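Trainee: Below: one structure in structure tokens.
The values are calculated or read from the model by the stated rules, or taken from the named source; none is laboratory data. These numbers come from a predicted model, not from an experiment. Every residue, glycine as well, gets a Cβ built from its backbone with ideal geometry; the counts of neighbours run over all protein chains shown.
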Amino acid sequence: MSWRRNTSSSSGAVAGPTAAAAAATPDRPEIPKAVWRIAYVVVLGGIMGILDTTIVNVALRSLATDLDTSLAQIQWVATGYLLALAATIPISGWLARRVGAKRLYLASLLLFIAGSALCALAWSSESLIGFRILQGLGGGLTLPVGQMIMFKAAGPRNIGRLMAAMGVAMVLAPVFGPTLGGLLIEHAGWQWIFLINVPIGIVALTLAQRLLPPDTADDPGRFDTLGFVLVVGGVVGVTYGLAESGQTGSFASVAVFVPLVVGIVALVAFVLHALRVPRAILDVRLWANPAFAAAGLTTFVLGATLFGGMLLMPLYFQIVRGEDVVTTGLLLIPQGIGAAIAMRLSARAVERFGGGLTAMGGCIITLVATIPFALIGSGTSYWLIGAAMVVRGFGIGMSMMPSWTAAFSVLAPHQINDATPQLTVLQRVGGSIGTALLTVLLQNHLDAARSPAAEASAFGSTYWWVMGMALAAVIPCFVLWQIERRAGADEHAALAQAELATEAAAV
């Protein structure tokens with residue numbers, strides 16, 4: 001199990017076409033520059049947290065050597081960070097109401113910067129793990145709170161374009177994280193994978209203080225202690241169990257099975273609890289909205305498809321083709337290019353076709369573009385792989401952000417603080433499930449491999465499961481498209497009836 005130690009990761013509005021039609025009219029207002037500045041600040045702050053979920057994985061072996069510990073022990077540098085993220089995301093909405101979104105965003109950035117600096121000063125594996133948990137507490141709040149601020153400033157009509165801008169960073173960060181980590185380790189030392197966050201964080205903190213709109217605290221209601229314990233315990237249990245499956249190579253291990261079961265039971269108990277109390281820590285009644293439910297399920301499955309699939313190609317390049325970390329990162333760039341192109345086009349597509357149809361088209365492109373990887377061999381041309389990665393990245397880019405846009409387009413402003421952490425958790429848990437499942441499958445195939453050709457076949461066999469995930473994502477996208485289509489038809493009928501009433505009154 002040499003490689004798998006590094007793989008346990010990773011205003012009211014109408015539905016879809018209604019908002020899209022309004023945004024697509026020739027006289028639609030341009031997004032104010034102040035709103036774009038808010039988006040850039042949020043992206044700058046959020047990208048650091050996303051980078052740190054991948055950048056450290058390539059440093060684990062160096063960290064184990066320099067800190068004189070085992071890979072099993074140093075793995076907690078990655079796992080502790082993930083658990084801290086999982087623990088803070090569910091309560092971000094309540095905290096934002098309690099202290100104000102801007103204040104919470106600034107505090108989370110400051111905590112992340114301090115944690116990063118302390119990680120660089122760590123003198124042992126135990127101290128580094130502790131500082132990484134501190135860093136994860138800040139990183140877990142930065143992205144969802146920043147999104148809350150951005151969505152409220154933008155309004156439902158402009159969410160699509162701003163989500164596309166944010167999506168570029170969200171998709172590119174995991175692609176470039178391992179490359180950046182490899183370069184820093186090779187030329188500067190492992191301390192710099194943490195120190196690099198300090199100057200960037202200070203810039204983000206300064207800009208956030210100046211450019212984010214002032215806000216005031218709201219009455220969040222009495223703190224839901226039982227709900228907090230259940231939801232945090234559930235998310236942490238599921239995240240930990242899935243992370244451990246990457247270490248054991250099996251879901252049957254006690255270290256995997258027990259926390260998974262405990263986590264799932266806690267989450268079910270939380271849902272039952274949240275439906276019985278007036279102000280739970282997360283408003284699960286949002287799922288009564290069929291459009292939000294379909295968009296949320298799409299986000300979950302796409303998280304598994306995106307982050308699970310991103311596990312495989314770096315390992316293929318390193319295990320089958322013998323490439324180093326830096327070269328592997330460079331070979332992954334085509335997927336980032338395809339995703340970046342798609343992000344530029346996805347906002348226009350959502351405005352014209354709606355989030356459901358756009359996301360479904362992206363899922364189908366991703367599904368088709370995964371076929372070459374299912375047939376990959378030990379000598380497959382890098383040009384062919386690169387071309388397929390561009391197309392696959394394009395499909396991912398055309399599906400991920402439109403599903404989020406569709407989810408937010410059906411919410412009122414006061415619901416954003418509850419919706420954002422729920423969608424963020426869904427995406428991360430989906431990614432953890434996809435990563436864990438593919439890790440176990442790949443491990444089982446590699447254990448039986450005795451040659452480079454057999455190793456390549458192991459990756460190809462695992463990619464068939466990625467195709468299955470992409471196919472599964474098409475289903476909720478189709479449901480979301482139908483919901484949006486019916487909502488658009490209902491509004492057109494209402495508008496026509498209003499016009500007839502106006503004409504009749506004039507006569």
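Trainee: Keeping to the range 306-327, report how many residues are modelled with pLDDT of 80 or more and of a type outside the set (Asp, Glu).
Mentor: 12
Here's the yes/no breakdown for (1) crowded, with 17+ Cβ neighbours inside 10 Å; (2) within 25 Å of Ala349 (Cβ to Cβ); (3) modelled with pLDDT of 85 or more:
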| position | (1), (2), (3) |
| --- | --- |
| Gly167 | yes, yes, no |
| Val171 | yes, yes, no |
| Gly181 | yes, no, no |
| Ile193 | yes, no, yes |
| Pro199 | no, no, yes |
| Ile202 | no, no, yes |
| Thr206 | no, no, yes |
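Trainee: Right, here's the next one. Exactly one of these conditions fails for Tyr81: (1) over 30 Å from Gly227 (Cβ atoms); (2) among the hydroxyl-bearing types (Ser, Thr, Tyr); (3) part of a helix (DSSP H, G or I). Give me its number.
Mentor: Answer for Tyr81: the failing condition is (1).
Here is a yes/no grid of residues against (1) surrounded by 17 or more Cβ atoms within 10 Å (Cβ to Cβ); (2) at pLDDT below 90:
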position	(1), (2)
Arg98	no, yes
Ser108	yes, no
Glu126	no, yes
Gly136	yes, yes
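Trainee: Here's another thing I want to ask about it. Scan the range 258-277 and give yes if some residue there is exposed (fewer than 15 other Cβ atoms within 10 Å of the Cβ), closer than 26 Å to Ser70 by Cβ, at pLDDT below 85 and outside the structural domain of Ile475 (by TED's automatic domain parsing), otherwise no. I'd like the intermediate steps shown before the answer.
Mentor: Taking the range 258-277 as the starting set, the residues that turn out to be exposed (fewer than 15 other Cβ atoms within 10 Å of the Cβ) are 258, 261, 264-265, 268, 272, 275-277.
Applying the additional criterion that residues be closer than 26 Å to Ser70 by Cβ yields 258.
After this cut, where a residue has to be at pLDDT below 85 as well, the list is none.
No, because not a single residue in the range 258-277 is exposed (fewer than 15 other Cβ atoms within 10 Å of the Cβ), closer than 26 Å to Ser70 by Cβ, at pLDDT below 85 and outside the structural domain of Ile475 (by TED's automatic domain parsing).
Trainee: Find all pairs meeting these conditions: Cβ atoms under 9 angstrom apart; at least six residues apart or on different chains; first residue within the range 87-113 and farther than 18 Å from Ile200 by Cα; second residue among the aromatic types (Phe, Trp, Tyr) and not in a helix (DSSP H, G or I).
Mentor: Partner pairs satisfying both residue conditions: Trp94/Phe223; Arg98/Phe223.
Trainee: Restricted to the range 365-381, and to residues that are surrounded by fewer than 18 Cβ atoms within 10 Å (Cβ to Cβ) and of a type outside the set (Ser, Thr, Tyr), which residue is nearest to Phe408 (Cα to Cα)?
Mentor: The initial filter retains those residues of the range 365-381 that are surrounded by fewer than 18 Cβ atoms within 10 Å (Cβ to Cβ), namely 368, 371, 374-375, 377-379, 381.
If we keep only those that are of a type outside the set (Ser, Thr, Tyr) as well, we get 368, 371, 374-375, 377, 379.
Details: Val368: 28, Ile371: 32, Ala374: 35, Leu375: 38, Gly377: 42, Gly379: 45 Å.
Only one residue tops the list, namely Val368.
Trainee: From the list Thr142, Thr65, pick out the single residue that is surrounded by fewer than 21 Cβ atoms within 10 Å (Cβ to Cβ), among the hydroxyl-bearing types (Ser, Thr, Tyr) and not assigned by TED's automatic domain parsing to the domain that holds Leu315. Lay out the reasoning, then the answer.
Mentor: On the way: Thr142 fails: surrounded by fewer than 21 Cβ atoms within 10 Å (Cβ to Cβ).
Going through Thr142, Thr65 in turn, just one is surrounded by fewer than 21 Cβ atoms within 10 Å (Cβ to Cβ), among the hydroxyl-bearing types (Ser, Thr, Tyr) and not assigned by TED's automatic domain parsing to the domain that holds Leu315: Thr65.
Trainee: What's the total number of residues in the range 110-124 that are of a type outside the set (Gly, Ala, Ser), surrounded by fewer than 24 Cβ atoms within 10 Å (Cβ to Cβ) and assigned to a helix (DSSP H, G or I)? Show your work before the answer.
Mentor: Taking the range 110-124 and keeping what is of a type outside the set (Gly, Ala, Ser), we get 110-113, 118-119, 121, 123.
Right, trim to surrounded by fewer than 24 Cβ atoms within 10 Å (Cβ to Cβ) and you get 110-111, 113, 118, 121, 123.
So of that shortlist, the ones also assigned to a helix (DSSP H, G or I) come out as 110-111, 113, 118.
Total meeting the criteria: 4.
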